[in-house]
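Report on the following structure.
The values are calculated or read from the model by the stated rules, or taken from the named source; none is laboratory data. Note that the coordinates shown come from a computational prediction; the quantities given were computed from them, not determined experimentally. Because the Cβ atoms are built from the backbone with ideal geometry, glycine has one as well, and the counts that use them run over all protein chains shown.
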Amino acid sequence: MFQLNKPQKLSKKDLRKLNKFIEELKTLNCTIPVIVERERDVETLRNLGLKGEILKINTGITIVEFADMVANTYKEVILLMN
């Protein structure tokens, strides 16, 4: 996968892979929620064009409560963690 912690120049091949990943993520997010850590992550995904449900882990409840809620609500999710 890509390490985007620091600015770097992507090759055309890597750029195509990244664009394909984003397009696939957008398609999957139509029916599967994406879980991220912070509001900034939500904003970034929205700016990339994701229109489906995006859940933040950091909402003021414990990680156990969050995991229970997710397990009881969704059949599958996509985790995007740093």
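Residues that are modelled with pLDDT of 95 or more and of a type in the set (Phe, Trp, Tyr) do not occur anywhere in region 2-10. Of all residues in region 40-74, those being farther than 22 Å from Thr27 by Cβ and among the hydroxyl-bearing types (Ser, Thr, Tyr) number 2. Under the condition of being among the charged types (D, E, K, R) and in contact (Cβ under 8 Å) with a residue 24 or more places away in the chain, which residue from region 24-67 is surrounded by the most Cβ atoms within 10 Å (Cβ to Cβ)? The extreme case among them is Asp41.
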